[in-house]
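Here, each number is a calculation from the coordinates, and none is a lab measurement. Since we're looking at a predicted model, the values are computed, not measured. All Cβ positions, glycine included, derive from the backbone under ideal geometry; neighbour counts span all protein chains shown.
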Amino acid sequence: MSARTPWHWLPLEGRAAAEFALAGWHARRLRDLPAGDGHAVLVIPGFGGDDHATAPLRRALKQCGYAVHGWGQGRNTGMRRAVGQALGAQLARLREHSGGRVSLIGWSLGGIFAREMARREADAVRQVITLGSPIQDSDHTTIDALFRLLNPGTPARTPPEQRAARSRPPAVPCTAIYTRSDGIVPWRAALEPAAPHTRNVRVRGSHMGLPANPQVWRACAEALATPLPRPGGAKTGTA
């Protein structure tokens, strides 16, 4: 079990305002990201976020040459049946339109959504990239009380068997991007378990500012350009 992030780290998330304010300046200077191959990428926001919040990351990856899409469902307040159905339909449309597997990038709670989508639809997913997502333990974030308030009926503690199932990586390449000064998610909880098809990439910055962090843009671009092998030896980019 991951230790809860210290409460006195939460004010550090105020850095996000500066990170978003500087995103445009960084975008003008960051011109050496790996070129993309044009495949479809779906970016899912974190709890409380929307497509507006992930716009800096999506712009950076579009400049690399990827066909980048937001999730188009407004603010992420938690998984609902309609949300899950819409994400599944969007994944199917993107795969059909592009003719190949789709890469999923999820910020925080959005990363949990992305991993579970990949677990169900591995044949449609090229790879998963998570940004500060509570992969190993979602019960000890500094905003778990707020999450439960907006999601009545959510148990105070995830059953051990469910936590174990969620922590296992899906059968696609998985990259976890994390920051040790995360004021929301315990950083150890944001790590992928060691496996041939997983990797962990450390950046500096806040949790709330991850989509606006140029180190995250680079880590995502590099992961998209050089994906890990798929379990079983199949090529990552095949349809």
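Relative to the Cα centre, what is the charge dipole magnitude of region 62-142, using +1 at the beta carbon of each Lys and Arg, -1 at the beta carbon of each Asp and Glu, and rounding to the nearest 20 debye?
Details: 11 positive and 6 negative charges, 51 e Å.
Its charge dipole is roughly 240 debye.
Does region 1-90 come out rounded, prolate or oblate by the C-alpha gyration tensor, with a ≥ b ≥ c the root eigenvalues, rounded set by a/c under 1.5 and, if not, prolate when a/b is larger than b/c and oblate if not? Show your work: numbers first, answer last.
Numbers: a/c = 2.08, a/b = 1.08, b/c = 1.94.
Taking the square roots of the gyration eigenvalues as a ≥ b ≥ c, region 1-90 is oblate.
Run lengths n ≥ 4 of DSSP H only: what is the helix-derived mean residue ellipticity at 222 nm for the chain, with -39500 (n - 2.57) per run over all residues, to the nearest 500?
Details: 8 runs with 81 residues, N = 239.
Rounded to the nearest 500, it is -10000 deg cm²/dmol.
Using 0.36 nm times the number of residues separating Q85 and H52, minus their current alpha carbon distance, what extension gain do you get? Intermediate values should be presented prior to the final figure.
On the way: separation 33, 0.36 × 33 = 11.88 nm, distance 2.17 nm.
Residue separation times 0.36 nm, minus the Cα-Cα distance, leaves 9.7 nm.
Write down, largest first, the equivalent ellipsoid semi-axes of the chain in whole Å, where each equals the square root of 5 times an eigenvalue of the alpha-carbon gyration tensor.
25, 22, 17
If you put +1 on each Lys and Arg Cβ and -1 on each Asp and Glu Cβ, how big is the dipole of the chain around its Cα centre, in Debye rounded to 20? Please report the intermediate quantities before stating the final value.
Numbers: 31 positive and 17 negative charges, 41 e Å.
For the chain, the charge dipole is close to 200 debye.
How much length would be gained if the chain were fully extended between L22 and A171, taking 0.36 nm per residue of separation minus their Cα-Cα distance, in nm to one decimal?
Working: separation 149, 0.36 × 149 = 53.64 nm, distance 3.64 nm.
Gain in length upon complete extension: 50.0 nm.
Tell me which of A16, A225, A89 sits at the most positive position along the dipole axis of region 7-225, charges placed on C-beta atoms (Lys, Arg +1; Asp, Glu -1).
Toward the positive end, the furthest listed residue is A225.
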